[in-house]
Amino acid sequence: MKRPEPVHVVKQRREALLRGLVDRVPYIGFLGIQFDRHGDELTAILPYHDSLIGNPILPALHGGATAAFLEVTALIELAWTTLWEGVEAEGTVPDGPFRLPKTIDFTVDYLRAGLPRDAYARARVNRSGRRYASVHVEAWQDNRARLFAQATGHFLMPIN
Amino acid sequence: MPDTLTNAALFVAALPYSQALGMALETVAEGFAVLTMPYDTRLIGDRETGVIHGGAVSALMDTAASVAVLSHPAAGGATATLNLRIDYMRPATPGQSLRARAECHHVTRSVAFIRAVATDDDESRPVAMATGAFTVGAA
C-alpha cells in the first residue's frame with residue numbers, strides 16, 4: 001500500500017491550486033473576497049467594507065456586490081471541482097494559467113437585505129458536462145439557515 | 001419630471017458601491033435610465049484576457065434598473081432587487097467603457113418588471129441583457 005503523503009505536502013498542493021485560480025481574477029481582490037478551504041470544501045468570505053453599501057439608509061449591501069460575490073463563488077467552485085481530481089491523482093498542480101469557465105447566464109434571488117457585516121457563500125455543482133455546467137450558490141451572514149441571497153448560473157467549460 | 005425623482009435617481013447612481021465601480025448617470029427619464037461605467041483593470045474577471053468580470057456588468061445593470069424604477073412615477077421613492085437574471089452574450093471589449101440602458105416594462109402597485117441591455121462601443125452587439133423584478137415602495 002502507498003504510504004500517505006505528509007499533510008503539509010497535501011495542503012501546499014491544494015492551496016497552490018486554489019491560489020492559482022483566485023489569482024486569475026483581479027475582481028476577487030477588488031471585492032476583498034477570500035476562500036476558506038477544508039479538504040475539497042470551499043467557503044467564500046466577503047469581508048464587510050463601506051464601499052459595498054447600496055442602500056445607506058438601511059444600510060444594506062448593494063445588489064451588485066451580492067451578485068458578484070455569488071458569481072465569483074460559483075465560478076471558483078466549478079473550476080476547483082473540475083481540476084481537483086486530476087491534481088489529487090497526479091499529486092502535482094499543473095503549470096498555469098488555468099482556463100476558467102465562462103458565465104452564460106446568472107440568476108440571483110434576493111431573499112433579504114444584506115446587512116453591513118461579513119457574508120459567506122458556498123456553491124454546489126449540480127451538473128458538470130464536457131461543455132456546460134450548472135451551479136447553484138447560497139449566501140448567508142449570521143445564520144447559515146437564513147440565506148440572504150441565492151443564485152443559479154450556467155457556465156461554458158473551457159476547451160482543454 | 002418632479003425634482004424628487006431626479007434626486008432619487010442621482011442618489012442611487014451615487015451609492016458607495018456604484019461610486020467604487022466608477023458609475024455615472026447619463027440619462028434619466030420616467031421609468032428609464034442610462035448608466036456608464038469606465039474600463040478599470042481592478043474589475044477584470046480574467047487576467048489572461050483583460051475582460052471585465054460579469055459581476056461588475058451585473059452591478060451596472062442592477063443599478064441602472066434601480067434608477068429606472070425610482071424614476072417611474074409609480075415607484076414611491078424606494079426600491080430593492082427581488083430577482084435579476086443576466087445573460088452574458090459576449091465578452092466586453094477590454095479598454096472600452098460599458099453603458100447600460102434599463103427600462104421598466106411593467107409596474108404594478110408592488111412590483112416593477114425591468115429589462116436592461118449593456119453594450120460597449122459596438123452598440124449593435126449587446127454584451128449582456130438582463131430581466132428582473134424590483135420592489136415598489138417600501139420593501
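The values are calculated or read from the model by the stated rules, or taken from the named source; none is laboratory data. Nothing here was measured: the structure is a model prediction, and the numbers come from that model. Positions of Cβ are backbone-derived with ideal geometry, glycine not excepted, and every protein chain shown enters the neighbour counts.
Worth a mention:
- On inspection, B:R85 does not qualify as surrounded by fewer than 22 Cβ atoms within 10 Å (Cβ to Cβ), more than 11 Å from every other protein chain (Cβ to nearest Cβ) and of a type in the set (D, E, K, R).
- Sub-7 Å Cβ pairs linking a first residue in region B:85-97 that is free of Cβ contacts under 8 Å to residues at least 40 places away in the same chain to a second residue that is of a type outside the set (F, W, Y) and not in a loop (DSSP other than H, G, I, E, B), at least 6 apart or interchain, number zero.
- The combined condition, being closer than 19 Å to A:V135 by Cβ and of a type in the set (A, V, I, L, M), is fulfilled by A:L83.
- The residues of region B:27-46 that are more than 14 Å from the chain's Cα centre (by Cα), part of a loop (DSSP other than H, G, I, E, B) and either away from chain A (no Cβ under 14 Å) or surrounded by fewer than 16 Cβ atoms within 10 Å (Cβ to Cβ) (or both) amount to a single one, B:E30.
A quick yes/no check of all residues on (1) closer than 30 Å to B:V12 by Cα; (2) surrounded by fewer than 17 Cβ atoms within 10 Å (Cβ to Cβ):
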{"position": "A:D23", "(1), (2)": "no, yes"}
{"position": "A:I28", "(1), (2)": "yes, no"}
{"position": "A:R37", "(1), (2)": "no, yes"}
{"position": "A:E41", "(1), (2)": "no, yes"}
{"position": "A:I45", "(1), (2)": "yes, yes"}
{"position": "A:A68", "(1), (2)": "yes, no"}
{"position": "A:W80", "(1), (2)": "no, no"}
{"position": "A:A89", "(1), (2)": "no, yes"}
{"position": "A:D95", "(1), (2)": "no, yes"}
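- Considering region A:79-102, the residues that are of a type in the set (V, I, T), assigned to a helix (DSSP H, G or I) and over 21 Å from A:Y27 (Cα atoms) include one that is farthest from the other protein chains (Cβ to nearest Cβ), namely A:V87.
- Scanning region A:101-118 for residues that are under 13 Å from A:W140 (Cα atoms) and surrounded by fewer than 21 Cβ atoms within 10 Å (Cβ to Cβ) yields A:D109, A:L111, A:R112, A:A113, A:L115, A:P116, A:R117, A:D118.
- Listed conditions (1) modelled with pLDDT under 95; (2) surrounded by 19 or more Cβ atoms within 10 Å (Cβ to Cβ) are all met by B:D62, apart from (1).
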